[in-house]
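Working notes for the structure below.
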Amino acid sequence: MKRWKYYNSFKYYRAVIKEDEYAFWKEQRDREAQNLYKDRSTRICEDEYEESDEEEEEEAVRANSSRHEESDSENGEDSDQENQENDLGGNRDDHQEDEPDADQDDEVALTDLPNAIVISTVPIPQIPRSLKVVETLVSEVPRSCQEALRAQQHGSLALPRRCPGIPTRKFSSADNETHGSRLDDWPIQVVLENPTNPDNWFVFFEGWASPDNCEEDELRGEALEVGKMRRNFLNVIEAAEDDSIKELVKQQRNIRDAPKFFLDYLDLSYFHSEIHQEYGLGTIIYISLFDTRPPQLKYTTVNVMEAEIYHHLRRAYPNKLFDELVRINRRRRIRHDLTITGGCENEGSCVCNKLFTILYGITGAQNLQTLPNGLIDLKDFNREIQRVAIECSDRCKCSLNCPRRRLQQPMSFPVIVFYEGDKGFGLRAGRRARPGEFLGTYTGIMKKDNEEDNQSYVAGLGIVSKNLVIDALNVGNVFRFAAHCCDPSAVFVEVHSRRNESDLLVPMIAVMAIKNIEFGDEITISYYLKDVLENIPDDQETIDCL
């Protein structure tokens, strides 16, 4: 058997499921499902889409099914691997035959995952193992979601949706006799509060449109925790808003009166969280109190680039090895503050601050230092000055658990994408965040800056790699939803980070909290420096400050 990874959740996750491993999955799911009610008498949400354009939907489903069937018939298991390689979730075969010890660190497992995706129609010689090459960018249902994939093939309920990587079919009550005999095999997708009974929850299973009822003491694991987080967030919104919003919150709690795209938001939350799980990232919950279509986004946890940008980064000066940089600069008198330790667990061998001095010392940027607890030291922080954080690599001879490798480790910060009315979608905190804490990274298409492009979701790189930007307009992750605020709760930080010096240095933009962010608070960014905002002409259209 190939490598399995376990997260503290309600099922096991794996990139590709082989037929001979089905028994293993069944055993794990049996343990979680054995206490669940088997009665599927409660049926709702199935008529939500009855008035959809069935002809258009069926045509899309047939096209999708035929593509998979043709690929499967021609390529067999090789096709499974090819489809897997094109998955934006970063799913990828570990190429290891022995099952590791159950207590293997998640940090070690993360080293097998790509830290960027390169789009290329021609082979790239000597591509680093830390990258994944695909011919086209495709969003697909995560391969670990076997019940959802089964419903996509056989489900009778067609959903008129166009969300990349989200299934367009589910099983309904009409499929119970034919496909419902494997109840004990179904993973839980989400649990929702029952407003009439606080000790009872509605349970949605993966691939099914209708929920069951279950008592809270019969539920456990991450599914219940996510359900409680959703309930608590609605409590926050209900307490802060006016009576009209409170009525909408009430409808959100009563799934029989839920908004039009209720199932779409549940699915978006689940499948994007599944993608996050593989990288050890936090849960995502999407919520809209209105009949608003969910965002259409190709979801990726890592940056995506064309081959041209890959070659640009490979030739870039910061990509050179540390010892080579020292040789190149041997005639320069490199000075750095020896009193700065930077939080590395192996201070005597850490080269991060020397690397900053060589590469970025003349830029005037802040050299952000890591504290032993993994937070960034904000003692002299100035958000009006450019900043960069240097993370350790194998050259520092520290472990993957080093505090100065924060972006190379699991970051399980949960977030809520909430529709804020006229402001559009915003980003809320799923737990308390501390100043100096990295919440995640801003991902998208890495490309050369072009002012003629839509700049709505563009974040620029000015230190680690000049003249490049990350565009999250159509491809990206949840941090694209962070709204602008002149007094923000978080900032962008350019990060120089790679696990090994042999890896390609892919510049990253981290989102870092600069003040206490409480559960349910908005995560906001100031997308403009203060002097830029002060010099905007009065007649020029601008965005409103929160």
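Select from segment 474-488 the residues that are of a type in the set (Gly, Ala, Ser) and farther than 18 Å from SER526 by Cα and list them in ascending order.
GLY476
Let me confirm something: among ASP453, ASP377, ASP394, which residue is more than 25 Å from ASP487 (Cα to Cα) and touching a strand residue (DSSP E or B) at 6+ places or on another chain (Cβ under 8 Å)?
Details: ASP377 fails: more than 25 Å from ASP487 (Cα to Cα); ASP394 fails: touching a strand residue (DSSP E or B) at 6+ places or on another chain (Cβ under 8 Å).
Just a single option satisfies the conditions, and that option is ASP453.
Applying the selection to segment 481-511, what residues are under 30 Å from GLU238 (Cβ atoms) and touching a strand residue (DSSP E or B) at 6+ places or on another chain (Cβ under 6 Å)? So that I can check it myself, show each step before the final result.
Start the filter on segment 481-511 by keeping residues that are under 30 Å from GLU238 (Cβ atoms), which leaves 481-490, 511.
PHE481, ALA482, ALA483, CYS485, PRO488, SER489, ALA490, VAL511, listed by residue number.
Per-residue answers, yes or no, for (1) within 21 Å of GLN409 (Cα to Cα); (2) modelled with pLDDT of 95 or more; (3) of a type in the set (Ser, Thr, Tyr); (4) assigned to a loop (DSSP other than H, G, I, E, B):
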position	(1), (2), (3), (4)
ARG428	no, yes, no, no
ARG431	yes, yes, no, yes
GLY436	yes, yes, no, yes
THR441	yes, yes, yes, no
LYS447	no, yes, no, no
GLU452	no, no, no, yes
SER465	no, no, yes, yes
PHE479	yes, yes, no, no
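Out of (1) in contact with a Pro (Cβ under 9 Å, 6 or more places away or on another chain); (2) touching a residue at least 24 places away in the same chain (Cβ under 8 Å), the odd one out for GLU216 is which?
(2)
Sort through LEU407, LEU371 and tell me the only one that's farther than 24 Å from PRO114 by Cβ, modelled with pLDDT of 95 or more and not aromatic (Phe, Trp, Tyr).
Details: LEU407 fails: farther than 24 Å from PRO114 by Cβ.
On inspection, the qualifying residue turns out to be LEU371.
Are any residues in segment 176-220 in a loop (DSSP other than H, G, I, E, B), under 25 Å from SER144 (Cα atoms) and acidic (Asp, Glu), and if so, which ones? Break it down stepwise before answering.
Here is the first cut: in segment 176-220, the ones in a loop (DSSP other than H, G, I, E, B) are 186-187, 194-199, 206-207, 209-211, 219-220.
Still in the running and under 25 Å from SER144 (Cα atoms): 186-187, 206-207, 209-211, 219-220.
Correct list: GLU206 only.
Only one of these is assigned by TED's automatic domain parsing to the domain that holds TYR527 and either touching a strand residue (DSSP E or B) at 6+ places or on another chain (Cβ under 9 Å) or touching a residue at least 12 places away in the same chain (Cβ under 8 Å) (or both): GLU347, GLU324, GLU384. Name it.
On the way: GLU347 fails: either touching a strand residue (DSSP E or B) at 6+ places or on another chain (Cβ under 9 Å) or touching a residue at least 12 places away in the same chain (Cβ under 8 Å) (or both); GLU324 fails: either touching a strand residue (DSSP E or B) at 6+ places or on another chain (Cβ under 9 Å) or touching a residue at least 12 places away in the same chain (Cβ under 8 Å) (or both).
That would be GLU384, the only listed residue that is assigned by TED's automatic domain parsing to the domain that holds TYR527 and either touching a strand residue (DSSP E or B) at 6+ places or on another chain (Cβ under 9 Å) or touching a residue at least 12 places away in the same chain (Cβ under 8 Å) (or both).
Could you check segment 158-213 and list, in sequence order, the residues that are under 22 Å from ARG143 (Cβ atoms) and either among the polar types (S, T, N, Q) or assigned by TED's automatic domain parsing to the domain that holds LEU473 (or both)?
If the condition is that a residue be under 22 Å from ARG143 (Cβ atoms) and either among the polar types (S, T, N, Q) or assigned by TED's automatic domain parsing to the domain that holds LEU473 (or both), then THR168, GLN189 are the ones that fit.
Enumerate the helices (runs of 4 or more DSSP H) found wholly within segment 221-284, keeping only those where 3 or more residues are at pLDDT 95 or above and under 21 Å from the mean Cα position of the chain (by Cα). Reasoning before the result, please.
Numbers: elements: 222-240, 243-253, 262-278.
The helices (runs of 4 or more DSSP H) meeting that bar are 222-240, 262-278.
Which one is surrounded by the fewest Cβ atoms within 10 Å (Cβ to Cβ), of the residues in segment 364-415 that are within 20 Å of CYS350 (Cβ to Cβ) and of a type in the set (Lys, Arg)?
Ranking the qualifying residues of segment 364-415, first place goes to LYS379.
I need the full set of residues from segment 382-418 which are within 23 Å of the chain's Cα centre (by Cα) and assigned to a strand (DSSP E or B), in order please.
VAL388, ALA389, ILE390, VAL415, ILE416, VAL417, PHE418
What are the residues in segment 140-151 that are more than 23 Å from ASN474 (Cβ to Cβ) and in contact with a strand residue (DSSP E or B) (Cβ under 6 Å, 6 or more places away or on another chain), if any?
Scanning segment 140-151 gives SER144, ALA151.
The values are calculated or read from the model by the stated rules, or taken from the named source; none is laboratory data. This is a predicted model, so every value here is computed, not measured. Quick reminder, even Gly has a Cβ in these numbers, built from the backbone with ideal geometry, and neighbours come from all protein chains shown.
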